[in-house]
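> This is the structure I want to talk about, given as structure tokens.
The values are calculated or read from the model by the stated rules, or taken from the named source; none is laboratory data. Just so it is clear, the model here is predicted, and its values are computed rather than measured. Don't worry about glycine lacking a Cβ; one is built from the backbone with ideal geometry, like all the others, and counts go over all protein chains shown.
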Amino acid sequence: MSERTASRPQGSPRGDDPAASRPSLGARVQAKLSNAATEHRANADAEAKDPRLGRRATDRPRSKSPRRARLRLTRVDPWSVMKTSFLLSVAFGVVTFVAVFMVWSVLGAAGVWDSINATVASVVEGDTNTSDFDVTDYVGMGRVLGFTLLVSIIDVILLTAIATLTAFLYNMSAALLGGIEVTLAEDER
């Protein structure tokens, strides 16, 4: 063994090796990435300018027809359908309750109940007007709002259950038939 080989540390490149003059792998990768980035910027700038019009290609109006995509709805998540239908039916119940309250308040302020009482008294009693009939005993605010609240609660339960069951049934039928196909298109603006 010669002195030159013996004094050389293990794993170091030879002095006459052409690989020793090459840059390291990290430097080569960095140079490639830098060149690729520069080339990409140059290509993007060239594509952005329209040489025929002297302006950006994105500024000119579209002459092509709008893009279209055909999608198929193959599964609906029953849990999300249940949550959404519950919230929407609760909102519908609240709106119904408030609407009935507003209608009954307006009818009371307009004197509709007094007019109905007077009409019933004149029909039943004649000219004596000694009737004990009061329409609000049968359709008073408390009774009507209580009934509306009961109907709203039942409505929330039924709508939530029906929507969730519909999601399960849709998933089963979509597994057999493929689901609903929808075509989406861009605006022509």
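> For region 109-129, what are the residues that are of a type in the set (A, V, I, L, M, F, W, C) and not in a helix (DSSP H, G or I)?
The initial filter retains those residues of region 109-129 that are of a type in the set (A, V, I, L, M, F, W, C), namely 109-110, 112-113, 116, 118, 120-121, 123-124.
Passing the criteria: only ALA110.
> Please state which of the following conditions PHE133 fails to meet, knowing it meets all the rest: (1) assigned to a helix (DSSP H, G or I); (2) out of contact with any Asp or Glu (no Cβ under 7 Å at 6 or more places or on another chain); (3) more than 30 Å from ARG72 (Cβ to Cβ).
The single condition PHE133 does not satisfy is (1).
> Would you please list the contacts, defined by Cβ atoms under 9 Å and residues six or more apart or on different chains, that run from a residue in region 171-184 that is β-branched (Val, Ile, Thr) to a residue that is surrounded by 10 or more Cβ atoms within 10 Å (Cβ to Cβ) and in a helix (DSSP H, G or I)?
Pairs found: ILE180/TYR170; ILE180/ALA174.
> When ALA57 is evaluated against the numbered criteria (1) small (Gly, Ala, Ser); (2) exposed (fewer than 10 other Cβ atoms within 10 Å of the Cβ); (3) modelled with pLDDT under 65; (4) on the phi < 0 side of the Ramachandran plot, which criterion, by number, is the only one it fails?
(2)
> Mind telling me which of the residues TRP104, TRP113 ends up being surrounded by 12 or more Cβ atoms within 10 Å (Cβ to Cβ), out of contact with any Lys or Arg (no Cβ under 9 Å at 6 or more places or on another chain), aromatic (Phe, Trp, Tyr) and touching a residue at least 40 places away in the same chain (Cβ under 8 Å)?
Values: TRP113 fails: touching a residue at least 40 places away in the same chain (Cβ under 8 Å).
From the options TRP104, TRP113, the qualifying one is TRP104.
> Taking the options VAL106, VAL100, name whichever one is touching a Ser or Thr at 6+ places or on another chain (Cβ under 9 Å) and assigned to a helix (DSSP H, G or I). It would help to see each step written out before you state the result.
Values: VAL106 fails: touching a Ser or Thr at 6+ places or on another chain (Cβ under 9 Å).
None of the others qualify; the one that does is VAL100.
> OK, next. Can you tell me which residues in region 150-189 are closer than 13 Å to SER89 by Cα and among the hydrophobic types (A, V, I, L, M, F, W, C)?
VAL151, ILE153, ILE154, VAL156, ILE157, LEU158, LEU159, ALA161, ILE162, ALA163
> A follow-up question, please. State all residues of region 173-189 that are within 9 Å of PRO66 (Cα to Cα) and in a loop (DSSP other than H, G, I, E, B); if no residue qualifies, say none. Before you say what the answer is, go through the steps one by one.
Filtering region 173-189 for residues within 9 Å of PRO66 (Cα to Cα) gives 185-188.
Those that are within 9 Å of PRO66 (Cα to Cα) and in a loop (DSSP other than H, G, I, E, B): GLU186, ASP187, GLU188.
> Can I ask one more? Out of VAL144, VAL182, I need the residue that is exposed (fewer than 15 other Cβ atoms within 10 Å of the Cβ) and among the aliphatic types (A, V, I, L, M). Which one?
On the way: VAL144 fails: exposed (fewer than 15 other Cβ atoms within 10 Å of the Cβ).
Testing whether each residue is exposed (fewer than 15 other Cβ atoms within 10 Å of the Cβ) and among the aliphatic types (A, V, I, L, M) leaves just VAL182.
> Let me ask something additional. What is the number of the single condition among (1) in a helix (DSSP H, G or I); (2) loosely packed, with under 15 Cβ neighbours inside 10 Å that GLY93 does not meet?
All conditions are met except number (2).
> With respect to the numbered conditions (1) within 20 Å of VAL103 (Cα to Cα); (2) at pLDDT below 95; (3) in a helix (DSSP H, G or I), which one is the sole condition not fulfilled by THR148?
It is condition (2) that THR148 fails.
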